[in-house]
Amino acid sequence: MKIFAFALLLAFLVCKISKTDATCMCNDTFDGHSSNVECLMNKQIRLEYKASYFYDALAAYFERTSVGKLGFTKFFREASKEEIDHARSMTSFVNSLGMKVKFSSVTLTSEDTKSSWNGAKEAVEAAIKKENLVYGNILCVHRSSNDEAVQEFLDHFIKEQVKSINDLTILKSRLSMAEDTKLVEFLVDKEFL
């Protein structure tokens with residue numbers, strides 16, 4: 001319960017920050033939809049692609065011959081594909097509303113392109129952080145929109161984000177259970193295969 005409360009607090013803070021983000025504060029409208037919602041949806045699409053890139057980087061790390069955790073590779077590749085599917089679904093939805101999808105460069109942080117991790121637990125902690133960021137922005141778009149179609153569309157993604165954060169938090173707990181972290185990582189890795 002504490003983790004869920006923390007996720008909600010983080011999401012609220014991200015939403016507060018996003019609302020003051022100058023890149024998404026627009027005053028004109030497109031086909032009856034607020035340009036702020038259009039801008040926030042475009043930001044969400046970029047966040048989904050950024051998350052996909054991040055998960056691909058994690059998968060590449062675990063696939064290295066020097067790491068050899070192919071279960072984690074599979075897990076993070078599936079997460080990457082899911083994020084791309086989200087971005088494409090959102091792109092189609094934005095287009096269906098008569099809004100414009102504006103592709104721009106995806107700015108990556110050093111953590112998005114990190115090439116070495118201190119074990120699966122650290123990677124999962126970074127994934128939780130990434131999912132919370134994505135979740136916070138989805139909530140921000142949902143709250144900023146007075147359009148029922150937009151809110152209804154995003155409801156599915158909100159539920160999915162909560163589930164992803166919960167699943168990753170449970171995975172982190174499992175990776176923290178024993179003192180022998182290498183054995184725990186090995187066993188969890190085999191479960192993903």
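The values are calculated or read from the model by the stated rules, or taken from the named source; none is laboratory data. Here the structure is a predicted model, which means the values were calculated and not measured. Using ideal geometry, Cβ is built from the backbone for each residue, glycine included, and neighbour counts are taken over all protein chains shown. Heads up: the accessible areas ignore ligands, DNA and RNA and are worked out on the full protein's heavy atoms, side chains in. Shrake-Rupley method; radii C 1.70, N 1.55, O 1.52, S 1.80 Å.
Please work out whether the range 105-186 counts as rounded, prolate or oblate from its C-alpha gyration tensor, where a ≥ b ≥ c are the square roots of the eigenvalues and a/c under 1.5 means rounded, while otherwise a/b larger than b/c means prolate and anything else oblate?
It is oblate, given that a/c is not under 1.5 and a/b is not larger than b/c.
Using DSSP to call loops (not H, G, I, E or B), can you name the GluC sites (Glu not before Pro) in the range 50-122 whose Cβ has at most 15 other Cβ atoms within 10 angstrom?
For GluC sites (Glu not before Pro) across the range 50-122 that sit outside H, G, I, E and B with at most 15 neighbouring Cβ atoms in 10 Å, the list reads 111.
Which pairs in the list 81/114; 81/190; 114/163; 50/159; 102/130; 43/190 are over 29 Å apart, alpha-carbon to alpha-carbon?
43/190
Run down the aspartates and glutamates and flag those whose C-alpha is under 18 Å from the C-alpha of residue 100, throwing out any fewer than 8 positions away in its chain.
28, 31, 38, 48, 147
Round to a whole number: what % of the accessible area of the range 114-188 belongs to carbon and sulfur, probe 1.4 Å?
Carbon and sulfur atoms account for 53 percent of the accessible area of the range 114-188.
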